[in-house]
Amino acid sequence: GLTMPSNVADALSFIVGSIGQLLVYVLLLRFLLPWFRADHRNPLSQAILKVTSPLVVPLRRFIPAIGRIDTATLIIIFFVLYLTLFLIGLIISINPGPLVLALSAVAYIPMLILRLFFFLVIVRVIMSWISPGGYNPAIALFHALTDPIMRPFQRIIPPLGGFDISPILVIILIGALIRLANGLVPFPVM
């Protein structure tokens, strides 16, 4: 068959992987909002629900939630990851097979959750420098999602000179967990 130059394949797989991951991050936020009891009236929460509802709501008719687990959203996350990995495989001319794709899609879910929290903690820190004490719907949502992770570290590490340095430890720990999780992905291409 026709093969494309490696730099073109690399660029295309980056684009496909980025778009797939962005969609998964939005779906993960939808999945995590109820777990962290985030305010569903928050404009950013509303936007997340609005953007993801066309995918999730039709599937909910057939697949109900199991307790607090939004099964429909989780299944859509799996299929988006599976499709993304399949397309990247096509672009880079590697066919890992359906089982490896499925296992990789499953393995990517916790890793992308970790990456999402890594990003949320970093943005939370930056926003605390830019607008300390100011209200913004995004900041409120980031706090709702990251407070349960940050609180144990904030109890252990007191502020130094008025600076909360606990996010540094959280970022290092999440970074280490991401590296561990990456080793569990059979087809690590994102």
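The values are calculated or read from the model by the stated rules, or taken from the named source; none is laboratory data. Computed from a prediction, not measured in an experiment: that's the story for all the values here. Because the Cβ atoms are built from the backbone with ideal geometry, glycine has one as well, and the counts that use them run over all protein chains shown. SASA here: full protein model, heavy atoms, side chains in, ligands and nucleic acids out. Shrake-Rupley method; radii C 1.70, N 1.55, O 1.52, S 1.80 Å.
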Scan region 89-100 and give yes if some residue there is within 30 Å of THR146 (Cα to Cα), at pLDDT 95 or above, among the small types (Gly, Ala, Ser) and more than 16 Å from the chain's Cα centre (by Cα), otherwise no. no
Just one of SER53, SER45 is over 21 Å from ASN136 (Cα atoms), assigned to a helix (DSSP H, G or I) and among the small types (Gly, Ala, Ser); which is it? SER53
Residue check, PHE14 at negative phi, surrounded by 13 or more Cβ atoms within 10 Å (Cβ to Cβ), out of contact with any Phe, Trp or Tyr (no Cβ under 7 Å at 6 or more places or on another chain) and touching a residue at least 40 places away in the same chain (Cβ under 8 Å): no
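Within 17 Å of LEU27 (Cα to Cα), surrounded by 12 or more Cβ atoms within 10 Å (Cβ to Cβ) and not hydroxyl-bearing (Ser, Thr, Tyr), is that true of LEU55?
Here the answer is yes, as LEU55 does meet what is asked.
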Is there any pair linking a residue in region 135-157 that is within 11 Å of PRO167 (Cα to Cα) to one that is surrounded by fewer than 17 Cβ atoms within 10 Å (Cβ to Cβ), with Cβ under 7 Å and at least six apart or on different chains, and which? PHE153/LEU169; GLN154/ASP164; ILE157/ILE165; ILE157/LEU169
For the subset of region 123-144 comprising residues that are open to solvent by 40 Å² or more (accessible area, probe 1.4 Å) and among the β-branched types (Val, Ile, Thr), which member is farthest from LEU32 (Cα to Cα)? ILE130
For region 63-111, give me the residue count where each residue is outside any helix (DSSP H, G or I), open to solvent by 80 Å² or more (accessible area, probe 1.4 Å) and not aliphatic (A, V, I, L, M). 4
Residue check, PHE31 against (1) within 19 Å of PHE118 (Cα to Cα); (2) open to solvent by 90 Å² or more (accessible area, probe 1.4 Å), all met but one. Which one? (2)
Tell me which of these LEU116 doesn't satisfy, since it passes every other one: (1) within 28 Å of ALA11 (Cα to Cα); (2) in a helix (DSSP H, G or I); (3) out of contact with any helix residue (DSSP H, G or I) (no Cβ under 7 Å at 6 or more places or on another chain). (3)
Out of curiosity, is ALA9 surrounded by fewer than 19 Cβ atoms within 10 Å (Cβ to Cβ), part of a helix (DSSP H, G or I) and over 17 Å from the mean Cα position of the chain (by Cα)? yes
Among the residues of region 145-155, is there at least one that is assigned to a helix (DSSP H, G or I), among the basic types (Lys, Arg) and surrounded by fewer than 16 Cβ atoms within 10 Å (Cβ to Cβ)? yes
